[in-house]
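Have a look at the structure below before the remarks.
The values are calculated or read from the model by the stated rules, or taken from the named source; none is laboratory data. Remember, predicted model here, so these are calculated numbers, not experimental data. Ideal geometry is used to build each Cβ from the backbone, glycine not excepted, and the neighbour counts take in all protein chains shown.
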Amino acid sequence: MVGGGKDAFIGAIHRIAANMDGLIELACGALSINPEVAVDSGRSLFLPESRTYLNYEDMIKKESQLPAGERMDFVTIVTPNFAHFAPAMMALDHGFHVVIEKPITFTLEEAKQLKKKVDETGLILCLTHTYSGYPMVKQARQMVQGGQFGKVRKIYVEYPQGWLSKLSEREGNAQAAWRTDPKRSGKSGSMGDIGTHAAHLAEYISGLKITKLCADLNIVVEGRALDDDGAVLLKYDNGATGVLMATQIAAGEENALKIRVYGEKGSLEWAQQEPNTLLVKWLDQPTQIYRAGGNYTDRLSTFATHNCRTPGGHPEGYLEAFGNIYRNFALTVAARIDGIQPTKEMLDFPRVEDGIRGMAFIDNVVANSQSDKKWTDFVL
(Lines give C-alpha, C1' and ligand atoms only; values in the text may rest on other atoms or scores of the structure.)
Protein backbone atom coordinates (compact mmCIF):
# COMPACT_ATOMS: atom_id res chain seq x y z
CA MET A 1 0.00 0.00 0.00
CA VAL A 2 1.15 3.50 -0.86
CA GLY A 3 -0.33 6.05 1.55
CA GLY A 4 -3.11 5.14 3.94
CA GLY A 5 -1.22 5.57 7.21
CA LYS A 6 -2.78 5.61 10.65
CA ASP A 7 -4.31 9.08 10.30
CA ALA A 8 -5.83 8.46 6.86
CA PHE A 9 -9.50 7.69 6.20
CA ILE A 10 -9.58 5.81 2.92
CA GLY A 11 -6.53 3.62 3.58
CA ALA A 12 -8.31 1.81 6.41
CA ILE A 13 -11.36 1.31 4.17
CA HIS A 14 -9.18 -0.27 1.50
CA ARG A 15 -7.51 -2.60 4.02
CA ILE A 16 -10.85 -3.78 5.43
CA ALA A 17 -12.21 -4.34 1.93
CA ALA A 18 -9.11 -6.19 0.75
CA ASN A 19 -9.10 -8.45 3.81
CA MET A 20 -12.81 -9.24 3.74
CA ASP A 21 -12.67 -12.49 1.79
CA GLY A 22 -9.32 -13.86 2.93
CA LEU A 23 -7.84 -13.58 -0.55
CA ILE A 24 -5.45 -10.70 0.14
CA GLU A 25 -3.00 -9.85 2.91
CA LEU A 26 -1.03 -6.67 3.43
CA ALA A 27 2.58 -7.60 2.72
CA CYS A 28 4.33 -4.24 2.82
CA GLY A 29 3.71 -0.52 2.78
CA ALA A 30 5.01 2.98 2.22
CA LEU A 31 2.23 4.36 4.37
CA SER A 32 3.15 8.02 4.81
CA ILE A 33 5.57 10.69 3.61
CA ASN A 34 6.19 11.36 7.33
CA PRO A 35 8.80 8.77 8.42
CA GLU A 36 7.50 8.54 11.98
CA VAL A 37 3.93 8.01 10.81
CA ALA A 38 5.10 5.46 8.24
CA VAL A 39 6.95 3.41 10.87
CA ASP A 40 4.21 3.68 13.48
CA SER A 41 1.57 2.72 10.93
CA GLY A 42 3.56 -0.31 9.80
CA ARG A 43 4.00 -1.41 13.39
CA SER A 44 0.30 -1.04 14.17
CA LEU A 45 -0.51 -3.17 11.11
CA PHE A 46 2.01 -5.85 12.17
CA LEU A 47 4.22 -5.36 9.15
CA PRO A 48 7.85 -6.46 9.57
CA GLU A 49 10.28 -3.54 9.88
CA SER A 50 12.06 -4.74 6.76
CA ARG A 51 8.87 -4.28 4.74
CA THR A 52 7.78 -0.97 6.21
CA TYR A 53 9.21 1.49 3.72
CA LEU A 54 9.70 5.24 3.98
CA ASN A 55 8.84 5.92 0.33
CA TYR A 56 7.17 4.07 -2.51
CA GLU A 57 10.32 4.11 -4.69
CA ASP A 58 12.22 1.95 -2.20
CA MET A 59 9.24 -0.32 -1.72
CA ILE A 60 8.72 -1.04 -5.40
CA LYS A 61 12.43 -1.49 -6.13
CA LYS A 62 13.13 -3.76 -3.16
CA GLU A 63 9.95 -5.79 -3.53
CA SER A 64 10.74 -6.43 -7.20
CA GLN A 65 14.07 -7.95 -6.13
CA LEU A 66 12.47 -10.51 -3.80
CA PRO A 67 11.74 -14.09 -4.96
CA ALA A 68 8.46 -14.49 -6.84
CA GLY A 69 6.81 -16.32 -3.95
CA GLU A 70 7.71 -13.63 -1.43
CA ARG A 71 7.28 -10.29 -3.19
CA MET A 72 4.02 -8.37 -3.27
CA ASP A 73 1.62 -9.22 -6.09
CA PHE A 74 0.06 -5.78 -6.52
CA VAL A 75 0.16 -2.22 -5.20
CA THR A 76 -2.79 -0.26 -3.82
CA ILE A 77 -2.43 3.53 -4.11
CA VAL A 78 -4.53 5.58 -1.66
CA THR A 79 -2.73 8.92 -1.72
CA PRO A 80 -4.35 12.27 -2.63
CA ASN A 81 -5.05 12.74 -6.34
CA PHE A 82 -1.81 14.51 -7.26
CA ALA A 83 0.25 11.55 -5.99
CA HIS A 84 -1.47 8.75 -7.93
CA PHE A 85 0.38 8.72 -11.24
CA ALA A 86 4.04 8.31 -10.28
CA PRO A 87 3.68 5.24 -8.01
CA ALA A 88 1.20 3.63 -10.40
CA MET A 89 3.54 4.05 -13.35
CA MET A 90 6.54 2.80 -11.40
CA ALA A 91 4.62 -0.25 -10.15
CA LEU A 92 3.58 -1.17 -13.68
CA ASP A 93 7.14 -0.65 -14.92
CA HIS A 94 8.34 -3.15 -12.31
CA GLY A 95 5.75 -5.78 -13.19
CA PHE A 96 3.14 -5.19 -10.48
CA HIS A 97 -0.62 -4.99 -10.92
CA VAL A 98 -2.23 -1.83 -9.50
CA VAL A 99 -5.33 -0.88 -7.54
CA ILE A 100 -5.87 2.86 -7.41
CA GLU A 101 -8.30 5.17 -5.63
CA LYS A 102 -10.39 7.40 -7.90
CA PRO A 103 -9.98 9.71 -9.67
CA ILE A 104 -7.28 7.72 -11.39
CA THR A 105 -4.78 10.58 -11.83
CA PHE A 106 -4.38 14.34 -11.54
CA THR A 107 -4.82 15.00 -15.27
CA LEU A 108 -6.36 13.33 -18.31
CA GLU A 109 -2.95 13.12 -19.97
CA GLU A 110 -1.58 11.12 -17.03
CA ALA A 111 -4.54 8.74 -17.27
CA LYS A 112 -3.82 8.18 -20.96
CA GLN A 113 -0.16 7.45 -20.17
CA LEU A 114 -1.26 4.85 -17.61
CA LYS A 115 -3.53 3.26 -20.22
CA LYS A 116 -0.61 3.03 -22.63
CA LYS A 117 1.55 1.42 -19.95
CA VAL A 118 -1.19 -1.07 -19.02
CA ASP A 119 -1.55 -2.02 -22.69
CA GLU A 120 2.23 -2.42 -23.03
CA THR A 121 2.65 -4.57 -19.94
CA GLY A 122 -0.56 -6.57 -20.04
CA LEU A 123 -0.94 -5.97 -16.32
CA ILE A 124 -4.25 -5.32 -14.56
CA LEU A 125 -5.25 -1.93 -13.20
CA CYS A 126 -8.32 -1.70 -10.99
CA LEU A 127 -10.02 1.61 -10.16
CA THR A 128 -12.12 1.70 -7.00
CA HIS A 129 -15.37 3.24 -8.19
CA THR A 130 -17.01 1.84 -5.08
CA TYR A 131 -20.66 2.16 -5.99
CA SER A 132 -20.40 -0.19 -8.95
CA GLY A 133 -19.62 -2.93 -6.42
CA TYR A 134 -23.10 -3.07 -4.88
CA PRO A 135 -25.10 -6.22 -5.81
CA MET A 136 -28.24 -4.24 -6.65
CA VAL A 137 -26.26 -1.93 -8.93
CA LYS A 138 -25.04 -5.01 -10.77
CA GLN A 139 -28.60 -6.32 -10.90
CA ALA A 140 -29.75 -3.00 -12.36
CA ARG A 141 -27.03 -3.14 -15.02
CA GLN A 142 -27.99 -6.66 -16.07
CA MET A 143 -31.69 -5.77 -16.32
CA VAL A 144 -31.03 -2.65 -18.40
CA GLN A 145 -28.55 -4.33 -20.69
CA GLY A 146 -30.79 -7.38 -20.97
CA GLY A 147 -33.38 -5.14 -22.59
CA GLN A 148 -36.06 -5.54 -19.91
CA PHE A 149 -36.89 -1.83 -19.99
CA GLY A 150 -36.47 -1.35 -23.73
CA LYS A 151 -34.44 1.56 -25.05
CA VAL A 152 -33.15 3.88 -22.31
CA ARG A 153 -34.62 7.36 -22.67
CA LYS A 154 -33.71 9.32 -19.53
CA ILE A 155 -31.18 9.12 -16.68
CA TYR A 156 -31.27 11.16 -13.50
CA VAL A 157 -28.33 10.79 -11.13
CA GLU A 158 -27.63 12.91 -8.07
CA TYR A 159 -25.00 12.97 -5.35
CA PRO A 160 -25.73 15.53 -2.61
CA GLN A 161 -23.45 15.87 0.42
CA GLY A 162 -23.40 18.53 3.11
CA TRP A 163 -19.99 18.15 4.72
CA LEU A 164 -18.48 21.21 3.01
CA SER A 165 -21.31 23.60 3.90
CA LYS A 166 -18.76 25.56 5.93
CA LEU A 167 -15.19 26.56 5.12
CA SER A 168 -13.97 23.40 6.85
CA GLU A 169 -10.64 23.40 5.01
CA ARG A 170 -9.58 26.34 7.19
CA GLU A 171 -10.84 24.77 10.40
CA GLY A 172 -8.38 21.89 10.67
CA ASN A 173 -10.27 19.33 8.56
CA ALA A 174 -7.49 17.50 6.70
CA GLN A 175 -9.85 15.77 4.25
CA ALA A 176 -11.43 19.09 3.34
CA ALA A 177 -8.03 20.77 3.07
CA TRP A 178 -6.63 18.59 0.30
CA ARG A 179 -9.93 17.96 -1.51
CA THR A 180 -10.50 21.73 -1.96
CA ASP A 181 -6.90 22.49 -2.93
CA PRO A 182 -6.36 22.71 -6.72
CA LYS A 183 -2.71 21.74 -6.29
CA ARG A 184 -3.61 18.45 -4.65
CA SER A 185 -7.12 17.65 -5.86
CA GLY A 186 -7.18 18.97 -9.42
CA LYS A 187 -9.22 21.45 -11.42
CA SER A 188 -12.63 20.54 -9.93
CA GLY A 189 -13.99 20.06 -6.42
CA SER A 190 -17.49 18.62 -6.25
CA MET A 191 -17.47 17.30 -9.82
CA GLY A 192 -14.02 15.78 -9.44
CA ASP A 193 -14.71 14.21 -6.05
CA ILE A 194 -18.29 12.93 -6.32
CA GLY A 195 -19.56 14.00 -9.76
CA THR A 196 -17.23 11.44 -11.31
CA HIS A 197 -18.87 8.74 -9.16
CA ALA A 198 -22.30 9.79 -10.42
CA ALA A 199 -21.18 9.88 -14.06
CA HIS A 200 -19.55 6.46 -13.79
CA LEU A 201 -22.63 4.95 -12.13
CA ALA A 202 -24.89 6.26 -14.90
CA GLU A 203 -22.66 4.85 -17.65
CA TYR A 204 -22.10 1.57 -15.78
CA ILE A 205 -25.79 0.77 -15.24
CA SER A 206 -27.04 2.03 -18.61
CA GLY A 207 -24.16 0.77 -20.74
CA LEU A 208 -24.30 4.13 -22.53
CA LYS A 209 -21.59 6.74 -23.04
CA ILE A 210 -21.88 10.49 -22.54
CA THR A 211 -21.44 12.32 -25.86
CA LYS A 212 -22.44 15.94 -25.08
CA LEU A 213 -22.90 18.04 -21.97
CA CYS A 214 -24.00 21.43 -20.68
CA ALA A 215 -22.53 22.28 -17.26
CA ASP A 216 -22.89 24.85 -14.52
CA LEU A 217 -20.35 24.85 -11.66
CA ASN A 218 -20.55 27.06 -8.59
CA ILE A 219 -18.45 28.08 -5.60
CA VAL A 220 -21.12 28.60 -2.95
CA VAL A 221 -19.01 28.91 0.20
CA GLU A 222 -17.15 32.20 0.03
CA GLY A 223 -13.37 31.83 0.06
CA ARG A 224 -13.28 28.33 -1.43
CA ALA A 225 -10.91 27.70 -4.34
CA LEU A 226 -12.83 24.94 -6.17
CA ASP A 227 -16.46 24.30 -7.09
CA ASP A 228 -18.56 22.85 -4.28
CA ASP A 229 -21.79 22.58 -6.28
CA GLY A 230 -22.82 21.86 -9.84
CA ALA A 231 -25.28 20.41 -12.32
CA VAL A 232 -24.81 18.95 -15.80
CA LEU A 233 -27.25 18.22 -18.61
CA LEU A 234 -26.15 15.14 -20.54
CA LYS A 235 -26.70 13.48 -23.90
CA TYR A 236 -25.83 9.82 -24.46
CA ASP A 237 -24.79 7.82 -27.49
CA ASN A 238 -28.23 6.22 -28.03
CA GLY A 239 -30.04 9.58 -28.01
CA ALA A 240 -31.03 9.43 -24.32
CA THR A 241 -30.73 12.55 -22.19
CA GLY A 242 -29.80 12.93 -18.55
CA VAL A 243 -29.33 15.22 -15.60
CA LEU A 244 -26.44 14.94 -13.15
CA MET A 245 -26.23 16.89 -9.89
CA ALA A 246 -23.29 16.88 -7.47
CA THR A 247 -23.09 19.18 -4.49
CA GLN A 248 -21.20 19.25 -1.20
CA ILE A 249 -23.10 22.16 0.35
CA ALA A 250 -26.49 20.44 0.77
CA ALA A 251 -26.59 20.93 4.54
CA GLY A 252 -27.82 17.83 6.36
CA GLU A 253 -27.13 15.38 3.53
CA GLU A 254 -24.65 12.54 4.05
CA ASN A 255 -23.84 10.46 0.95
CA ALA A 256 -27.21 10.50 -0.78
CA LEU A 257 -26.18 9.10 -4.18
CA LYS A 258 -29.29 8.11 -6.15
CA ILE A 259 -30.00 7.08 -9.73
CA ARG A 260 -33.14 6.64 -11.83
CA VAL A 261 -33.03 5.10 -15.30
CA TYR A 262 -36.14 5.32 -17.51
CA GLY A 263 -36.72 3.08 -20.52
CA GLU A 264 -39.60 2.58 -22.95
CA LYS A 265 -41.25 -0.18 -20.89
CA GLY A 266 -40.23 0.64 -17.32
CA SER A 267 -37.61 2.07 -15.03
CA LEU A 268 -35.43 1.48 -12.00
CA GLU A 269 -34.39 3.44 -8.94
CA TRP A 270 -31.46 2.79 -6.58
CA ALA A 271 -30.18 4.81 -3.63
CA GLN A 272 -26.81 4.30 -1.95
CA GLN A 273 -28.17 4.91 1.55
CA GLU A 274 -30.59 1.97 1.08
CA PRO A 275 -28.29 -0.13 -1.08
CA ASN A 276 -29.87 -3.56 -0.70
CA THR A 277 -33.10 -2.40 -2.37
CA LEU A 278 -33.75 -1.87 -6.08
CA LEU A 279 -37.11 -0.44 -7.14
CA VAL A 280 -38.34 -1.65 -10.52
CA LYS A 281 -41.31 0.20 -12.04
CA TRP A 282 -43.46 -0.77 -15.01
CA LEU A 283 -46.00 0.91 -17.28
CA ASP A 284 -48.66 -1.75 -16.74
CA GLN A 285 -48.05 -3.31 -13.31
CA PRO A 286 -47.22 -2.31 -9.73
CA THR A 287 -43.72 -1.39 -8.59
CA GLN A 288 -41.54 -4.36 -7.71
CA ILE A 289 -38.99 -4.41 -4.91
CA TYR A 290 -35.81 -6.41 -5.53
CA ARG A 291 -33.66 -7.22 -2.53
CA ALA A 292 -30.03 -8.34 -2.33
CA GLY A 293 -29.31 -11.81 -1.01
CA GLY A 294 -26.96 -14.62 -1.86
CA ASN A 295 -29.84 -17.11 -1.58
CA TYR A 296 -31.91 -15.40 -4.30
CA THR A 297 -30.25 -17.29 -7.14
CA ASP A 298 -33.63 -18.03 -8.71
CA ARG A 299 -34.54 -14.36 -9.18
CA LEU A 300 -31.34 -12.28 -9.31
CA SER A 301 -28.61 -12.28 -11.94
CA THR A 302 -25.40 -14.21 -11.36
CA PHE A 303 -23.59 -10.87 -11.30
CA ALA A 304 -25.70 -9.80 -8.31
CA THR A 305 -25.51 -13.06 -6.35
CA HIS A 306 -21.79 -13.44 -7.05
CA ASN A 307 -21.33 -10.20 -5.11
CA CYS A 308 -23.54 -11.14 -2.14
CA ARG A 309 -21.98 -12.75 0.93
CA THR A 310 -25.07 -13.38 3.06
CA PRO A 311 -28.72 -14.47 2.66
CA GLY A 312 -31.35 -11.78 2.16
CA GLY A 313 -32.10 -9.62 5.18
CA HIS A 314 -28.50 -9.36 6.32
CA PRO A 315 -27.43 -5.87 5.20
CA GLU A 316 -24.34 -5.51 3.08
CA GLY A 317 -23.15 -1.97 2.51
CA TYR A 318 -20.28 0.33 1.58
CA LEU A 319 -17.49 -1.85 2.94
CA GLU A 320 -18.86 -4.93 1.20
CA ALA A 321 -19.20 -3.03 -2.09
CA PHE A 322 -15.57 -1.99 -1.75
CA GLY A 323 -14.76 -5.60 -0.87
CA ASN A 324 -16.49 -6.83 -4.04
CA ILE A 325 -14.19 -4.75 -6.20
CA TYR A 326 -11.13 -6.13 -4.38
CA ARG A 327 -12.45 -9.70 -4.48
CA ASN A 328 -13.16 -9.64 -8.21
CA PHE A 329 -9.77 -8.07 -8.87
CA ALA A 330 -8.02 -10.65 -6.65
CA LEU A 331 -9.85 -13.55 -8.30
CA THR A 332 -8.82 -12.21 -11.71
CA VAL A 333 -5.17 -11.83 -10.67
CA ALA A 334 -5.20 -15.31 -9.11
CA ALA A 335 -6.66 -16.77 -12.29
CA ARG A 336 -3.89 -15.05 -14.25
CA ILE A 337 -1.26 -16.57 -11.93
CA ASP A 338 -2.85 -20.03 -12.23
CA GLY A 339 -3.20 -19.78 -16.00
CA ILE A 340 -6.99 -20.13 -16.07
CA GLN A 341 -9.71 -17.94 -17.56
CA PRO A 342 -11.61 -15.76 -15.04
CA THR A 343 -15.39 -15.71 -15.27
CA LYS A 344 -17.34 -12.70 -16.55
CA GLU A 345 -18.49 -12.07 -12.98
CA MET A 346 -14.88 -11.92 -11.75
CA LEU A 347 -13.92 -9.50 -14.52
CA ASP A 348 -16.67 -7.06 -13.53
CA PHE A 349 -14.66 -4.27 -11.89
CA PRO A 350 -13.64 -0.76 -13.07
CA ARG A 351 -10.51 -0.45 -15.19
CA VAL A 352 -8.16 2.16 -16.60
CA GLU A 353 -10.70 2.98 -19.34
CA ASP A 354 -13.16 4.06 -16.65
CA GLY A 355 -10.44 6.24 -15.18
CA ILE A 356 -9.86 7.98 -18.51
CA ARG A 357 -13.57 8.68 -18.90
CA GLY A 358 -13.66 10.06 -15.35
CA MET A 359 -10.80 12.48 -16.02
CA ALA A 360 -12.36 13.47 -19.35
CA PHE A 361 -15.64 14.12 -17.54
CA ILE A 362 -13.87 16.56 -15.20
CA ASP A 363 -12.11 18.33 -18.09
CA ASN A 364 -15.25 18.60 -20.22
CA VAL A 365 -17.46 19.81 -17.37
CA VAL A 366 -14.98 22.49 -16.30
CA ALA A 367 -14.36 23.65 -19.87
CA ASN A 368 -18.07 23.85 -20.68
CA SER A 369 -18.90 25.68 -17.45
CA GLN A 370 -16.23 28.28 -18.21
CA SER A 371 -17.31 28.78 -21.81
CA ASP A 372 -20.27 30.67 -23.25
CA LYS A 373 -21.47 27.64 -25.20
CA LYS A 374 -24.60 25.77 -24.24
CA TRP A 375 -23.64 22.28 -25.45
CA THR A 376 -20.16 20.90 -26.12
CA ASP A 377 -18.99 17.50 -27.30
CA PHE A 378 -17.59 15.07 -24.74
CA VAL A 379 -13.95 14.89 -25.83
CA LEU A 380 -11.56 12.19 -24.65
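Considering each residue of segment 102-114, count those that are in a loop (DSSP other than H, G, I, E, B) and buried (at least 20 other Cβ atoms within 10 Å of the Cβ), and give that number.
Residues in segment 102-114 being in a loop (DSSP other than H, G, I, E, B) and buried (at least 20 other Cβ atoms within 10 Å of the Cβ): 5 in total.
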Quiz item: Considering PRO80, PRO48, which residue is surrounded by fewer than 24 Cβ atoms within 10 Å (Cβ to Cβ) and within 19 Å of the chain's Cα centre (by Cα)?
Solution: PRO80
Exercise. Within segment 170-199, track down each residue that is in a loop (DSSP other than H, G, I, E, B), in contact with an Asp or Glu (Cβ under 9 Å, 6 or more places away or on another chain) and of a type in the set (S, T, N, Q).
Key: THR180, SER188
Practice problem: Output the number of residues of segment 115-169 satisfying the condition of being polar (S, T, N, Q), assigned to a helix (DSSP H, G or I) and more than 20 Å from the chain's Cα centre (by Cα). | Solution: 3
Quiz item: Assuming ILE210 fulfils every condition listed in (1) under 21 Å from the mean Cα position of the chain (by Cα); (2) modelled with pLDDT of 95 or more; (3) more than 30 Å from LEU268 (Cβ to Cβ) apart from one, which condition is it?
Solution: (3)
Practice problem: State whether the residues of segment 363-373 include one that is under 24 Å from ASP227 (Cβ atoms), surrounded by fewer than 21 Cβ atoms within 10 Å (Cβ to Cβ), in contact with a Leu (Cβ under 8 Å, 6 or more places away or on another chain) and of a type in the set (Gly, Ala, Ser). | Solution: yes
Quiz item: Assuming SER44 fulfils every condition listed in (1) among the polar types (S, T, N, Q); (2) over 22 Å from ALA177 (Cβ atoms); (3) touching an Asp or Glu at 6+ places or on another chain (Cβ under 9 Å) apart from one, which condition is it?
Solution: (3)
Quiz item: How many residues are farther than 13 Å from PHE378 by Cβ and either surrounded by fewer than 22 Cβ atoms within 10 Å (Cβ to Cβ) or not hydroxyl-bearing (Ser, Thr, Tyr) (or both) if we restrict to segment 209-261?
Solution: 37
Quiz prompt | Long-range neighbours under 8 Å by Cβ, at least six apart or interchain, first residue within 13 Å of ALA111 (Cα to Cα) within segment 83-96, second among the aromatic types (Phe, Trp, Tyr) and in a loop (DSSP other than H, G, I, E, B) | solution = HIS84/PHE106; PHE85/PHE106
